[in-house]
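Structure first, then comments.
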Amino acid sequence: MTAGYLSLTDRDREEMLAAIGVSSIDDLFAQIPEGVRFDRELDVPAALPELALLRYFEALAAKNAHTSVELSFLGAGIYDHHVPAIVDPILRRGEFLTAYTPYQPEMSQGVLQAIFEYQTAICELTGMDVSNASGYDGFTVAADACFIAKHVTGRSRVVLAETLNPQVREVVKTYAPGFGLDVVEVGHEGGVTDPERVAAAAEDAAVVIFPQPNFFGCLEDAPGLARAAKEAGALAVAHVDPTSLGVLEAPGAYGCDMAIGEGQGLGNAMSYGGPHYGFLAARMDYVRRLPGRIVGQTTDIDGDRGFVLTLQTREQHIRREKATSNMTTNQTLLALGGLITLAWLGPQGLRELGETCMGLAAYARERVPLEPAFEQPFFKEVAFRTPRPAREVIAAARERGVHPGYAVGRDYEGLDDVLLVALTEKRTPADVDRLAEVLAEVCG
């Protein structure tokens, strides 16, 4: 994207000062006490000519490794999926890129419709009845789900599967004291969560949150986990990868009350870990508990289709004690990227995306000369045992231009020798062959 040029002449400054009603920059800040003013020149290098400045920033940018220069199999929650070329031109339209909160429906029909269509797509994807306008990310929506569950059930215990993304668990634990929640974690057995252990932990619990697929790439017994939660009187919440829902059953089909997750894999580049967008969908029973905004469809006085902000359940709009969120915004622009991608893929394209990832993951499991860490079905990530700490393997592989994956031991004790390898549709069989070759070299 080419940077724009903004002029600022002495005349421009004079006109702005005149409009404000002061004669100089010093007058503009006259009300600020001398003792708190910055009274010296900034210690920064001298200005550079335009060409020199461009070269300077190009040199800085060249220090960053990205998937165009380093073959990457890194996943663990953020994935190198293809972002269709159609996404950016639409997102950069002024109507979307600069749009503020659509409080005035008569002025905001385009943005409101985009949100409504996004909500519809998320509901169809997850098998749920209602979705909010998006969340900040796939981690904070988990905390939101806990808050909803507390209000619905009157209980305060939260049960988390240890196989959830570690960042999801940490965010829930951070929010828990403020929400008055007690967090209980259920450990994994062989890379997956035992529904019987969940059932025991869920007695008197408000909610059970489990992943599908899980952090290790393994497929959980999602119907069994949902059933264990429901039989204990807790809400069942699945944290799902949306790119898997073309080949895996939707959470609504196996009895979940809510479906949440990180939407980055649909329509968003990795962006060094964010920002992205979270999604939260639920049964209609909980619509008034959902955080943020919900756009609804209606008709105007002429009977034509129209859109409005149907629910706004944050402190700015309703009594504080009844608010479900204090968020002042959401990730509408990035969520729109997800909607565009889903529309571009269509049902068959989403299925093909999932099948491609599964096929590449299966090929990697055959070709990589390491033992699988878990004997479980998987989607697009495979965990392998390494003969020495995975971090050392990663460092050695990167010297050969390959980032082989994520060191699971960073988050799980006793798994320092586990390497998590992610396969997306952007990788090829030849890429997997190269991975296998490099791992044979550094692990041999």
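The values are calculated or read from the model by the stated rules, or taken from the named source; none is laboratory data. All values derive from a computational prediction rather than experimental measurement. Glycine also receives a Cβ, built like all others from the backbone with ideal geometry; neighbour counts cover every protein chain displayed. Note: areas computed on protein heavy atoms with side chains; ligands, DNA, RNA excluded. Shrake-Rupley method; radii C 1.70, N 1.55, O 1.52, S 1.80 Å.
Extension gain Gln109-Arg410, at 0.36 nm per residue separation less the Cα-Cα distance, in nm?
Full-extension gain reported as 103.7 nm.
Using a Förster radius of 45 Å, what is the FRET efficiency between Glu249 and His66 based on their Cβ-Cβ separation? Nearest 0.05, please.
0.85
If ligands, DNA and RNA are left out, what is the accessible area of Ile294 with a 1.4 Å probe, given in Å² to the nearest 10?
Approximately 10 Å² of Ile294 is accessible to the 1.4 Å probe.
Tell me which trypsin sites (Lys or Arg not before Pro) from region 1-107 have a DSSP coil assignment and no more than 16 other beta carbons within 10 Å of their own.
Listed in order of number, the matching sites are Arg37, Arg40, Lys63, Arg92, Arg93.
Using a 10 angstrom Cβ neighbour count of at most 14 plus a DSSP loop assignment to flag exposed chymotrypsin sites (Phe, Trp or Tyr not before Pro), which longest range of the chain is free of such sites?
104-444
Show me, bin by bin at 10 Å from 0, the whole-percent P(r) of region 134-258 based on Cα pairs.
Histogram of Cα-Cα distances, whole percents per bin: 15, 51, 32, 3.
In whole percent, and with a 1.4 Å probe on the protein chains, what portion of the accessible area of the chain is carbon and sulfur?
Its accessible area is 52 percent carbon and sulfur atoms.
Rolling a 1.4 Å sphere over the protein heavy atoms, what is the accessible area per residue of the chain, to the nearest Å²?
51
Quick one, what does Rg over Rh come out to for region 86-205 if you take C-alpha atoms and the Kirkwood Rh?
For region 86-205, the value is 1.09.
Based on DSSP H runs of at least 4 residues, each adding -39500 (n - 2.57), what is the mean residue ellipticity at 222 nm of the chain after dividing by all its residues, to the nearest 500 deg cm²/dmol?
For the chain, the value works out to -11000 deg cm²/dmol.
So, R0 is 45 Å and r is the distance between the beta-carbons of Gln31 and Leu51; what FRET efficiency does that work out to, to 0.05?
0.65
Restricting to lysine pairs 8 or more places apart or on different chains, what number in the chain have Cα atoms under 16 Å apart?
Taking the Cα cut-off of 16 Å, the pair count is 4.
Please work out how much length the chain gains when fully extended from Arg11 to Met284, using 0.36 nm per residue of separation minus the C-alpha to C-alpha distance, in nm with one decimal.
92.4 nm
Considering region 335-377, what Rg and Dmax in Å follow from its alpha-carbon atoms?
For region 335-377, the Cα-based Rg and Dmax read 14.8, 41 Å.
Could you tell me how far the Cα centroid of region 5-45 sits from the Cα centroid of region 223-283, in Å?
Region 223-283 and region 5-45 have Cα centres spaced 50 Å from each other.
Rank these residues by their accessible area, most exposed first, probe 1.4 Å: Met128, Met358, Met107, Met16.
Correct descending sequence by accessible area is Met107, Met16, Met358, Met128.
Taking a quarter of the surface of the Cα convex hull of region 16-71, what do you get in nm²?
Quarter of the Cα hull surface area: 7.8 nm².
Which value, in Å² rounded to 10, gives the accessible area of Ile90 with a 1.4 Å probe and all protein chains present?
50
Report the calculated FRET efficiency for Gln297 and Ala85 (r = Cβ-Cβ distance, R0 = 25 Å), to the nearest 0.05.
0.25
May I ask you to give the average projected area over all directions of the convex hull of the Cα atoms of region 369-444, in nm² rounded to one decimal?
Taking a quarter of the hull surface, the average projection is 5.0 nm².
Give the Debye-formula value of log10 I(q)/I(0) at each listed q (0.11, 0.12 Å⁻¹), with one equal scatterer per alpha carbon of the chain, two decimals each.
Result of the Debye calculation: -0.95, -1.07.
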